[in-house]
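What follows is a set of notes on a single structure, which appears directly below.
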Amino acid sequence: MCVPVLAPLLAAGLKLAIGGRLRHLQALISLVTLGVSLAVSVALLVAADRGGPLVTELGGWPAPIGICLVADRLSTLVLVASSAVTFCVMVYSVASAYAEQEHDAPMAIFHPAFLVMMAGVADAFLSGDLFNLFVAFELLLSGSYVLLTFGGTESRILAGATYTLMALASSMLFLVALAVAYAATGTLSMAQLAERFPALPPQVALLVELTLLLAFAIKAAIFPVAMWLPDSYPTAPAPATAVFAGLLTKVGVYSIIRLEALLFPGGPVATLLMLVGLATLLIGVLGAVAQTDIKRMLSFTLVSHIGYMVFGVALSTVAGLAGAVFYVVHHMTVQTSLFLVTGLIERRTGTTSVNRLGGLATAAPVVAVLFFVPAMNLAGIPPLSGFLGKLLLVQAGLAAGGPLALTLVAGGLVTSLLTLYAVAKVWGKAFWREPREAVTRGGAVVESEEGTGQEAVVTTAAMPVALVGSTAALVALALAYTVLAGPMSAFAERTAGELLARRPYLAAVLGGTP
Amino acid sequence: MTVPVAPFLASGLLIATGVTLLLERSLVRVLAGVIVLGNGVNLLIVTAGGPAGGPPLLGSVPRAAMADPLPQAMVLTAIVITLGVTAFLLAMVHRSWQLTGTDEVQDDTEDRNVRLRARHVELGAAVRAKRDDYRRLVLRQRAELAHMQAERAERERLEEADLELRIARVHDELGAWTRDLRERGVSEEELHDRLEVAAQRAGDSELDNLRRIEELREEHERRRREQAAREKELRRRLKHRQREARRQMRAALRAERARQALAEDPELEGDE
């Protein structure tokens with residue numbers, strides 16, 4: 001079970017040792033590592049679904065004392081989805097490195113940082129211990145710091161300052177919460193904490209819960225603490241932004257699901273979560289509507305759609321959690337593919353500002369299709385998976401009833417509509433209208449737009465098969481969610497049932513009857 | 001169990017100092033804030049981990065007198081992580097200083113967009129107000145001009161009427177005089193002579209009259225020319241003012257645009 005965590009770490013070390021030489025070997029190591037991670041994740045998923053949560057005790061210490069990795073249905077599902085997404089992004093990144101003849105930097109720095117981040121993500125998903133979760137966060141964050149400031153250009157340093165400091169603030173909050181939780185309960189093993197929190201005075205438990213929630217909410221980019229995201233993500237290289245958008249916020253959401261379902265089930269925080277979920281949905285999408293840059297627009301929809309998952313978690317019913325889990329998987333895939341397509345658009349035209357784009361539907365029909373499908377998926381057009389995820393959540397909200405849940409259902413539908421408006425605006429301007437300037441010609445040097453601080457780029461009409469193929473694979477994966485909707489929603493429901501029952505998890509870690 | 005007040009207070013103080021520094025704009029201060037905050041949190045973990053005790057090595061001290069090793073292990077991990085992140089932050093601060101010549105956190109994109117939009121609206125309003133002022137001015141001057149022309153036309157009409165009246169009166173006088181002489185039985189020759197003389201005299205007065213008419217006409221003409229010149233001058237000034245106003249407006253817009261470009265240009269931003 002350690003493979004998804006250790007393999008990328010070892011590979012990262014190996015690649016750093018190799019340095020800038022042996023490009024083919026470097027690419028091979030990255031791809032094989034992530035491929036193996038994906039295969040192991042799938043095996044774990046099957047095993048966890050058949051036989052209940054799997055536990056690995058690290059260092060040979062028994063569970064409550066030592067740190068353990070726990071793979072239950074939720075962990076393995078998000079692990080599989082993230083591994084699949086990361087594999088595609090890695091193919092994209094390798095293809096782009098080959099295409100652009102960048103000799104040493106991407107392979108020698110970008111890939112190790114990427115792999116370290118992946119190890120952190122896998123560790124966070126599998127962690128059965130709060131302190132290990134903290135370490136996993138730091139692991140993935142340190143990788144992401146490097147990716148975000150890659151190349152050290154001014155705009156990236158500027159974005160990096162925002163991102164790093166927000167992440168640090170969140171980590172410090174997390175540590176404070178850990179100190180309080182340890183002082184109050186004498187343990188940081190999640191299973192033991194889950195058993196000991198009910199015995200605490202409710203104020204102490206609430207304090208710990210709220211501090212942890214705030215720390216995770218910063219990571220997940222939930223409304224009052226979300227505005228670092230649109231300021232930092234759009235400047236990073238396309239594969240980095242794509243994988244950040246797909247995975248990092250989902251790690252925050254995953255932690256919130258664990259926090260609410262395992263550690264503090266049925267607490268008074270659900271109402272608070274509903275309110276911030278509603279605010280995240282609406283404020284995020286209104287931000288998206290106002291943007292003229294595709295990457296910034298996508299960053300705002302990313303923030304907005306986190307609200308759907310928060311909504312599902314806040315319902316704390318089987319249907320709600322199942323909807324949230326389904327939505328996490330769907331959103332990981334779709335958001336990542338959209339950012340990758342935006343990378344293709346930038347490669348083709350040198351800009352991502354819709355005011356300068358135009359006529360792409362004829363100039364680059366493949367890119368147009370690859371943008372259109374996930375964009376409609378994000379907005380929730382039937383029968384795509386975005387529609388299914390929203391449908392599950394709306395059904396759960398209607399079943400739960402109550403004025404707040406119904407308001408959230410309405411807010412969710414409005415958000416879906418406004419998302420459609422935002423992506424349709426981009427589609428209409430960038431793809432359908434008459435071509436602008438000379439951006440549709442290949443080989444042109446496109447100066448950066450004033451104020452964006454980006455460098456001039458050389459556009460190219462050549463689209464390597466691997467670049468388009470990896471993007472298309474992600475788009476197809478999202479389409480497969482529609483085909484597999486039955487088994488997937490059944491699995492999501494089993495996951496939610498297992499989460500709410502709590503017993504299987506606790507029994508697997510601490511022993512006893514499930 | 002007694003609560004160790006002093007370490008808690010110390011960690012609280014460190015955390016508060018760290019947070020205050022974190023809110024600063026200078027990245028070096030922020031970095032210091034991160035370090036202080038990290039130390040405060042680490043102290044909190046150690047303090048929260050239980051009372052002080054002997055080293056947690058089997059056989060060295062009795063089990064009950066041992067300190068809890070777990071918080072120590074966690075703090076060690078946290079210290080290492082903080083060290084790594086501090087090193088990264090330091091590198092980033094240095095890079096930021098290299099690129100911009102300042103270590104201050106820059107405004108984010110959205111802030112800049114909002115500010116630019118506000119300035120745009122302000123400038124637009126100023127330009128519109130100036131244009132409206134100018135339009136009002138033109139309308140007023142046009143009205144003045146029309147009024148002046150109407151006045152002059154009226155005066156000319158009156159003067160012409162006066163002139164015609166005088167000429168008619170002279171003709172009447174001449175006619176009356178001739179009739180009078182004929183009635184008095186003055187012979188045709190004499191009449192002719194007299195008329196000749198009178199004509200000579202009248203000619204003088206006629207000439208006089210004509211001269212006066214001529215003078216009047218001349219004056220009239222002169223006045224008209226003056227008027228025309230004044231009108232021309234007025235129009236010229238009007239056009240000049242119009243051009244001047246346009247030029248100023250363009251210059252203001254150009255300056256504003258240059259200022260915006262300067263503000264947007266990341267290369268120059270730090271120097272402002």
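List of remarks:
- Exactly one residue out of B:Arg166, B:Arg225, B:Arg212 is of a type in the set (Lys, Arg) and exposed (fewer than 12 other Cβ atoms within 10 Å of the Cβ), and it is B:Arg225.
- Against the conditions (1) surrounded by 14 or more Cβ atoms within 10 Å (Cβ to Cβ); (2) closer than 20 Å to A:Gly186 by Cβ, B:Ala52 satisfies every one except (1).
- Filter result (modelled with pLDDT of 90 or more and either touching a Cys at 6+ places or on another chain (Cβ under 7 Å) or more than 10 Å from A:Ser416 (Cα to Cα) (or both)) within segment A:386-400: A:Leu388, A:Gly389, A:Leu391, A:Leu392, A:Leu393, A:Val394, A:Gln395, A:Ala396, A:Gly397, A:Leu398, A:Ala399
- Taking the criterion of being under 30 Å from A:Tyr145 (Cβ atoms) and at pLDDT 80 or above, the residues of segment B:95-125 that qualify are B:Arg95, B:Ser96, B:Trp97, B:Gln98, B:Leu99, B:Thr100, B:Gly101, B:Val114, B:Arg115, B:Leu116.
- Positions within segment B:240-272 being in a helix (DSSP H, G or I) and at pLDDT below 70, in sequence order: B:Gln260, B:Ala261, B:Leu262, B:Ala263, B:Glu264, B:Pro266, B:Glu267, B:Leu268, B:Glu269
- Any hit, segment B:69-89, residues being loosely packed, with under 15 Cβ neighbours inside 10 Å, within 11 Å of chain A (Cβ to nearest Cβ) and over 23 Å from A:Tyr182 (Cβ atoms): yes
- Per the conditions (1) more than 14 Å from chain B (Cβ to nearest Cβ); (2) in contact with a strand residue (DSSP E or B) (Cβ under 8 Å, 6 or more places away or on another chain), the sole criterion not satisfied by A:Leu263 is (2).
- From B:Gly49, B:Gly38, B:Gly33, B:Gly59, residue being within 11 Å of another protein chain (Cβ to nearest Cβ) and more than 18 Å from B:Phe8 (Cβ to Cβ): B:Gly33
- Of all residues making up segment B:146-205, the number that are touching a residue at least 12 places away in the same chain (Cβ under 8 Å) and either β-branched (Val, Ile, Thr) or not in a helix (DSSP H, G or I) (or both): 3
- Subset tally (residues that are closer than 24 Å to B:Leu23 by Cα and more than 7 Å from chain B (Cβ to nearest Cβ)) for segment A:133-152: 6
- Only listed residue being farther than 28 Å from B:Arg25 by Cβ, within 11 Å of chain B (Cβ to nearest Cβ) and assigned to a helix (DSSP H, G or I), chosen from A:Ala181, A:Ala161, A:Ala242: A:Ala181
- Considering segment A:164-178, the residues that are among the aliphatic types (A, V, I, L, M) and under 22 Å from the mean Cα position of the chain (by Cα) include one that is farthest from the other protein chains (Cβ to nearest Cβ), namely A:Met166.
- Filter result for the condition that a residue is part of a helix (DSSP H, G or I) and out of contact with any Asp or Glu (no Cβ under 9 Å at 6 or more places or on another chain), over A:Ala261, A:Ala270: A:Ala261
- Candidate set: segment B:103-119, residues that are part of a helix (DSSP H, G or I) and in contact (Cβ under 8 Å) with a residue 24 or more places away in the chain; chosen: the one farthest from the other protein chains (Cβ to nearest Cβ): B:Arg119
- Residues located in segment B:5-23, provided they are within 11 Å of chain A (Cβ to nearest Cβ) and either touching a residue at least 40 places away in the same chain (Cβ under 8 Å) or outside any helix (DSSP H, G or I) (or both): B:Leu23
- Total residues in segment A:1-44, condition in contact with a Pro (Cβ under 6 Å, 6 or more places away or on another chain) and basic (Lys, Arg): 1
- Residues being of a type in the set (Phe, Trp, Tyr) and within 14 Å of chain B (Cβ to nearest Cβ) - total across segment A:184-228: 1
- The single residue among B:Arg179, B:Arg211, B:Arg201 that is assigned by TED's automatic domain parsing to the domain that holds B:His120 and at pLDDT 80 or above turns out to be B:Arg179.
- Pick from segment B:121-155, criterion of a type in the set (D, E, K, R) and surrounded by 14 or more Cβ atoms within 10 Å (Cβ to Cβ), ranking: farthest from the chain's Cα centre (by Cα): B:Arg152
- Out of A:Ala167, A:Ala161, sole residue that is out of contact with any His (no Cβ under 6 Å at 6 or more places or on another chain), at pLDDT below 90 and under 21 Å from B:Val36 (Cα atoms): A:Ala161
- Within segment B:24-51, being outside any helix (DSSP H, G or I) and on the phi < 0 side of the Ramachandran plot holds for B:Glu24, B:Arg25, B:Ser26, B:Gly49, B:Pro51.
- Listed here are the helices (runs of 4 or more DSSP H) enclosed by segment A:1-103 that have at least 2 residues being β-branched (Val, Ile, Thr), touching a Phe, Trp or Tyr at 6+ places or on another chain (Cβ under 9 Å) and more than 30 Å from A:Glu195 (Cα to Cα): A:73-100.
The values are calculated or read from the model by the stated rules, or taken from the named source; none is laboratory data. Bear in mind that the values here come from a model prediction, so they are computed numbers and not experimental data. Note: ideal-geometry Cβ built from the backbone for every residue, glycine included; neighbour counts use all protein chains shown.
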